[in-house]
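First comes the structure, then the notes that go with it.
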Amino acid sequence: MTKNDQTLKTTVTDTAVVFIDPQIDVLSEKGANWGAVGASVTENHTVENMERIFKAAKIKGYLVFISPHYFYPADSAWAFNGPLETDEFSTHTFARMGPLTLEGFTNSGADWLDRFKPYIEDGKTIVVSPHKVFGPQTNDLVLQLRKRKISKVILGGMLANMCVESHLRELLEQGFEIAVVKDATAGPRHPVWGDGYQAAMTNYRFLAHAVVSTDEVVEAMGA
């Protein structure tokens, strides 16, 4: 992966796929945030493209990591929140009954999309601990990548300008080489705050080592 020519060079020994929040609340019309993100998800074919990358990675033996977003009842006692966090709590986005139980999890907004479950629940995908705001500073993603000697990351998932961009920034600071898949993510649109996807695309181009399409990722994997 190089910034100059946007070439994506991957190997199964040093490259992994990292998907952020492949969950119902941000990727399904049944989800709590579909009104904000649905248009972008639909236009980018985000779900279909994420599945293509899942499939290619599994066929070719690339490791896949999931960095999920969960809120537990105890988190509602936080003394302050940003605007998006406030909205997430009010809509019960990514809500779970607790860290030690899966009661009510299946088919909830915090659950995976059904079409992703065969890939995520195959016993090989690494589901790391949840991030709590936007970035991986609050979970064990970096540790899990380092322990497997991964140095390059193919990054996608939700939301483009929030969790995905925050993961991009932290992973860059941690010394990883990052390619963001521009059509395997999507962002919210807000009448006052603006278009989150377009904001993310601008920043990705300044920050990531490559900004690529799903077609380019699948081709680079040799699938």
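Taken over the range 61-91, the criterion of being within 30 Å of VAL217 (Cβ to Cβ) and surrounded by fewer than 15 Cβ atoms within 10 Å (Cβ to Cβ) is satisfied by GLY61 alone.
Counting just the residues of the range 82-106 that are in a loop (DSSP other than H, G, I, E, B) and within 15 Å of ASN33 (Cα to Cα), which one comes out modelled with the lowest pLDDT? Even if it seems obvious, please write down each step before you answer.
Of all residues in the range 82-106, those in a loop (DSSP other than H, G, I, E, B) come to 82, 92-94, 96-106.
Filter once more, so that each one left must be within 15 Å of ASN33 (Cα to Cα): 92-94.
Details: HIS92: 70, THR93: 77, PHE94: 84.
Checked the range 82-106; the qualifying residue modelled with the lowest pLDDT is HIS92.
Of all residues in the range 166-206, those satisfying the criterion of being within 20 Å of THR15 (Cβ to Cβ) and over 17 Å from the mean Cα position of the chain (by Cα) are GLU173, GLN174, GLY175.
How many of the residues in the range 12-29 are farther than 19 Å from PHE134 by Cα and either in contact (Cβ under 8 Å) with a residue 40 or more places away in the chain or under 15 Å from the mean Cα position of the chain (by Cα) (or both)? Step through it out loud before you land on a result.
Taking the range 12-29 and keeping what is farther than 19 Å from PHE134 by Cα, we get 12-16, 28-29.
When the remaining residues are screened for being either in contact (Cβ under 8 Å) with a residue 40 or more places away in the chain or under 15 Å from the mean Cα position of the chain (by Cα) (or both), the result is 12-16, 28.
Of the residues in the range 12-29, 6 are farther than 19 Å from PHE134 by Cα and either in contact (Cβ under 8 Å) with a residue 40 or more places away in the chain or under 15 Å from the mean Cα position of the chain (by Cα) (or both).
Hey, among VAL180, VAL133, VAL153, which residue is part of a strand (DSSP E or B) and in contact with an Asp or Glu (Cβ under 8 Å, 6 or more places away or on another chain)? Give the derivation first.
Values: VAL180 fails: in contact with an Asp or Glu (Cβ under 8 Å, 6 or more places away or on another chain); VAL133 fails: part of a strand (DSSP E or B).
The match here is VAL153.
Of the residues making up the range 158-206, those that are touching a helix residue (DSSP H, G or I) at 6+ places or on another chain (Cβ under 7 Å) and polar (S, T, N, Q) are ASN161, GLN174, THR185, ASN203.
Scanning the range 51-75 for residues being part of a helix (DSSP H, G or I), of a type outside the set (D, E, K, R) and more than 17 Å from THR138 (Cα to Cα) gives a total of 6.
Only one residue in ASP5, ASP75 is closer than 22 Å to PRO99 by Cα, of a type in the set (D, E, K, R) and either modelled with pLDDT under 95 or in contact with a helix residue (DSSP H, G or I) (Cβ under 7 Å, 6 or more places away or on another chain) (or both). Which one? Step through it out loud before you land on a result.
Details: ASP5 fails: closer than 22 Å to PRO99 by Cα.
The unique qualifying residue is ASP75.
Residues in the range 198-208 that are in contact (Cβ under 8 Å) with a residue 12 or more places away in the chain and either of a type in the set (Lys, Arg) or under 24 Å from LYS55 (Cβ atoms) (or both): TYR204, ALA208. Can you pull out every residue in the range 98-119 that is closer than 17 Å to ASP75 by Cβ and among the charged types (D, E, K, R)? Within the range 98-119, just GLU103 meets the criteria.
Could you tell me whether THR138 is β-branched (Val, Ile, Thr) and farther than 29 Å from ILE59 by Cβ?
Working: β-branched (Val, Ile, Thr): yes; farther than 29 Å from ILE59 by Cβ: yes.
In short, yes.
The values are calculated or read from the model by the stated rules, or taken from the named source; none is laboratory data. Not measured: the values here are computed from a predicted model. Because the Cβ atoms are built from the backbone with ideal geometry, glycine has one as well, and the counts that use them run over all protein chains shown.
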